[in-house]
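The structure appears right after this line, and notes come after that.
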Amino acid sequence: MAIVELKNVAKRYASQQGSSGSNAVDNFNLVTRDGEFVVLVGPSGCGKSTTMRMIAGLERNTEGEILIGGRDVSQVPPKERDIAMVFQSYALYPHMSVADNMGFSLKLKKRPAAEIKAKIEEAAQTLGIEPLLDRKPRELSGGQRQRVALGRAIVRDPQVFLMDEPLSNLDAKLRVDMRAEIVKLHKRLKVTTFYVTHDQVEAMTMGERIVVMKDGRIQQIDTPINLYEFPANRFVAGFIGNPSMNFLRAKHAEGVVSGDGYRLALDDAHRSSMASRGAADVWVGIRPEHLRLGDATDTNRIEGKVEVVETLGAVTMVQLSVGEHFVSAQLPGHRKVEIDDTLTLACDSDKLHLFDTDSELAIGRESASQPSTAVEA
Ligand SMILES: Nc1ncnc2c1ncn2[C@@H]1O[C@H](COP(=O)(O)OP(=O)(O)O)[C@@H](O)[C@H]1O
Ligand SMILES: [Mg+2]
């Protein structure tokens, strides 16, 4: 176990040298807790793997410092960093048995045979793959192979686990099972873990803290619930949450934000932070699950024409055209809504999010429990 520290870490690939393009990773700052499970999430190409590879020592950081257990590892080669990686591709040796695959790194380290055997057995038991130890990788399913890859990492007793999209090759059902298993494994082993995914649901369900990245830059570091309730900017607001948050371009006047087809009153916190801005344009964000069927008596109203209705059983998804905007609503249960109906939706003021139209930073409500990092999206 170890605290991992990244201080002003940046990466510029040789091919990016001299080009006007930005860094693959820029100004990355993070200090983990000992034994923490940190998830890096963001769209493809945002710098997640590059960050992992720098921690692993497979890439040199162009700027900044990386410390593992207080030790600056800049000059330390990967195999001496005391980390174990699990990738999307399992990279098992096809000609070796499961047991030999798992024990290979210990054999290279010339550990005694009895110790290697004991470690393999313990890891196999933890992962429920004891009956598979004599098989070859080709005799295993995808999920079993991924367990072997995890086992190979576990037997090394590393200070840090690095897992880069380890479940991406598995089908949806198995992925859900395996993510629960990895969380359980972490609770048991308590090894500091960096876990990369592009899937925000995976991030939300697994991370103790989540680092949201975009274009090589950290957008916000926070707990899952704080990311959901207090997104620091419009990008995070739209990325976290499924279905995605709706955004309406609104005019503000005296504590009310409105536009073609909607009128929403602000709560006290938003009212006071908008007071100094006066008659400004602002982005209003509303999550689909915070909308409900309303009528003309509701103070907060969104009215539009029904374009799409999806009946999913537990919920009914409705899409409305509201002036120039599309608004999605997730209504509980089975609702009788017809295409081309005019529908009124209502929403509580304390569920509204506001974002500056230039910087796209959140206005007025901040995550109280934790300092969060926010940059302009
Ligand atoms: N070896 C490389 N040489 C040059 N550019 C690279 C290399 N690896 C990644 N990149 C670039 O760096 C950026 C971040 O990539 P990566 O870290 O792989 O993103 P992610 O894992 O989030 O999808 C991308 O723009 C990618 O094209
Ligand atoms: Mg990647």
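General remarks:
- Residues whose amide H lies under 5 Å from that of A280, counting only those 5 or more places away or on a different chain, are H252; hydrogens are built 1.01 Å from N in the peptide plane.
- Rg over Rh [alpha-carbon atoms, Kirkwood Rh] for the chain: 1.06
- Karplus-based coupling profile of segment 219-228, in residue order and whole Hz: 8, 6, 10, 6, 6, x, 5, 5, 5, 6, with θ = phi - 60° in 6.51 cos²θ - 1.76 cosθ + 1.60 and x standing for Gly or Pro.
- Three-way shape call for segment 1-70 based on the alpha-carbon gyration tensor, with the a/c threshold at 1.5: prolate
- Overall Cα dimensions of segment 235-355, principal axis frame, Å, largest first: 44, 30, 23
- Using the average count of surrounding beta-carbon atoms within 10 Å as a protection proxy, the listed peptides 107-115, 254-262, 64-72 rank, highest first, as 254-262, 64-72, 107-115.
- Coupling constants for segment 56-62 follow from the phi torsions by the Karplus curve (6.51 cos²θ - 1.76 cosθ + 1.60, θ = phi - 60°), and in residue order they are 6, x, 7, 10, 7, 6, 6 Hz; glycine and proline get x.
- Virtual spin-label span in nm between V76 and K251, 7 Å along Cα→Cβ: 6.0 nm
- Label-to-label distance, N29 versus L361, with points set 7 angstrom from Cα along the beta-carbon direction: 1.4 nm.
- Selection among M206, I218, L167 by position relative to the dipole of segment 159-221 gives M206 as farthest towards the positive end (Cβ unit charges, Cα centre).
- With the charge dipole of the chain set up from +1 on Lys and Arg Cβ and -1 on Asp and Glu Cβ about the Cα centre, the Cα lying farthest toward the positive end among the listed residues T126, A265, A14 is that of T126.
- As a rough guide to protection, the peptides 5-11, 305-311 ranked by mean Cβ packing within 10 Å, highest first, stand as 5-11, 305-311.
- Pairwise FRET efficiency - F326 versus E139, Cβ, R0 = 51 Å, nearest 0.05: 0.55
- 5 angstrom amide H check on V25, placed H, neighbours 5+ away: K11
- Per residue solvent-accessible surface (Å²) - the chain, probe of 1.4 Å: 47 Å²
- Projecting the Cα atoms of A314, F326, H186 onto the charge dipole of the chain, computed from C-beta unit charges around the Cα centre, puts H186 farthest toward the positive end.
- DSSP-defined beta bridges in the chain - what % are antiparallel, rounded to 5: 75 percent
- More than 13 Å apart - percent of Cα-Cα pairs taken over segment 79-121: 61 percent
- Peptide ranges 314-322, 167-175 listed from the most packed, as the mean C-beta count within 10 angstrom indicates: 314-322, 167-175
- Given +1 at the Cβ of Lys and Arg, -1 at the Cβ of Asp and Glu and no other charges, the dipole of segment 1-158 around its Cα centre is 460 debye to the nearest 20.
- 3J(HN,Hα) from dihedral phi, segment 270-276, Karplus parametrisation 6.51/-1.76/1.60, rounded to Hz, x for glycine, proline: 5, 4, 6, 6, 8, 3, 6
The values are calculated or read from the model by the stated rules, or taken from the named source; none is laboratory data. Quantities reported herein were computed from a predicted structural model and do not represent experimental measurements. We place every Cβ from the backbone using ideal geometry, glycine too, and count neighbours over all the protein chains shown. Note: areas computed on protein heavy atoms with side chains; ligands, DNA, RNA excluded. Shrake-Rupley method; radii C 1.70, N 1.55, O 1.52, S 1.80 Å.
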